[in-house]
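Report on one structure; see the data block that follows.
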Amino acid sequence: MIQIPNSVASSNPYGFDTLRFRNEGICEGILGAVGDTPLVRLSRYLDQTDVELFAKVESCNPGGSAKDRPALKMIEDALESGELEVGQTVVESTSGNMGIGLAQACRYYGLKLICVVDPNAQRQNVAIMQALGAEIEWVEQPVNGDFLSARLLRVSQIIRDNPDAYWTNQYGNERNPAAHFEGTIQEIDDKLGDSYDVVFVATSSTGTARGCRDFLIERRPKVQVVAVDAEGSVLFGGEKGRRKIPGLGAGVMPELAEGQTFDTHCRVSDLRCVVGCRRLAEREAMLVGGSAGGVLEAVRSMQSQLSGKRCVAILHDSGMRYLDTIYSDQWVEDTLGAKPADLQSLVDANWVECLEQSKD
Ligand SMILES: Cc1ncc(COP(=O)(O)O)c(C=O)c1O
């Protein structure tokens, strides 16, 4: 259990004298429900029956995504170390899941939060952050052709103007991968022991993939990590291009990703992500977000190399927040140029072209 700093205990409006904890299955507060997400066997997604596939369903976190984990760790560790105190303002550049995870943790611990977002942010995500008390700062214009650079510039202005502000810096904060080292992959390992072979992970900050890889290098050196990136992402030497699926890939190289290598990395197109989401909904009755669809299609494209292997796909978020995009035939046709019948035949196809992939 984490010991609460005195400063937090004395000013905690809810009168708890401990930070969150889990005790005999009861969560003391919603933050105690972060982590311990289900591992679900997917027996219908792949056509090849000699590949075992499990999904780590991160949408079961209370904020709806894997990002609850690093959000919570960045806030709790900063509170514990005294870098951050109750009443202070946290600031972060985010347009989605991290903002929601931070809004949840900040509201719980009595911290103010400013989320810097851009016009590509999904309105529903912004509304969730606001409902949890976050203040929203919109940037309107890209900087050097890029909205992330514009958001980071605004963050630096906010920090300059508010000496009280604390930047969690999700793209450079080592507590981000640490949250997955201590949580996501540890939970997978607790369930599967020494009987899994490959972990497939979507990448953006690379926090999730790094946390998993570092754990596996230390404890299960035979388990491979496949980092799944987006076409149009600059990670792993990629060329910047148009991307429409939120959460997957990066338009600017994140500090955490510099120099990082994984056993294999591969790239998926936006349409491939949609195909994965639709196929999962059809065959396994699960709604997941676009990066998860891309990860599943990465597994499918490599299945001939995976005979006899046990694979885990980390599925970062739920499809519920993508009903107007990934699950809308109109959006898929207008944005990605695939007509419903063509999309359906990709979903039904029992083969999938090999993705661009390379061993690092
Ligand atoms: C939906 C989704 N998938 C994948 C990722 C990639 O995770 P990471 O930043 O840990 O690389 C993110 C990160 O924001 C995300 O929101």
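Laboratory data are not the source of any read-out in this text; all were calculated from the coordinates shown. The shown structure was predicted, so the numbers you read here are calculated from the model rather than taken from an experiment. Cβ sites come from the backbone with ideal geometry, for glycine too, and all protein chains shown count toward neighbours.
Structure values in brief
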item	result
Packing-based exposure ordering (other Cβ within 10 Å, fewest first) of R151, R160	R160, R151
Three semi-axes of the equivalent ellipsoid, the chain, Cα gyration tensor, whole Å, largest first	33, 24, 18
Cα long-axis angle, helix 290-301 against the chain (0 to 90 degrees, to the nearest 10)	30
Selected from L271, L216, L192 as most flexible by GNM, with the chain as the system and alpha-carbon contacts under 10 Å	L192
Globularity index of segment 105-152, i.e. its alpha-carbon radius of gyration over 2.2 N^0.38 Å	1.25
Across K309/K359; K73/K240; K191/K244; K112/K191; K240/K309, pairs whose alpha-carbon gap is larger than 29 Å	K73/K240; K191/K244; K112/K191; K240/K309
Residue order, fewest to most beta carbons within 10 Å, for W138, W167, W351	W351, W138, W167
Between 0 and 90°, nearest 10: helix 97-109 axis offset from the chain longest Cα axis	30
Translational diffusion coefficient (Stokes-Einstein; Kirkwood radius from C-alpha pairs) of segment 215-360 at 25 °C, 0.890 mPa s, in µm²/s	154
Residue among L336, M129, Y322 farthest towards the positive dipole end of the chain, charges placed on Cβ	L336
Gaussian network model of the chain, springs between alpha carbon atoms under 10 Å - residue of D348, D161, D270 with greatest fluctuation	D161
Rounded to whole Hz, the Karplus (6.51, -1.76, 1.60) HN-Hα couplings of segment 77-87, x for glycine and proline	5, 5, 5, 5, 7, x, 5, 10, 10, 3, x
Ranked packing of 316-324, 219-227, 207-215, 51-59, most packed first, by mean Cβ within 10 Å	207-215, 51-59, 316-324, 219-227
On Cα atoms only, tilt of 270-284 relative to the major axis of the chain in degrees	80
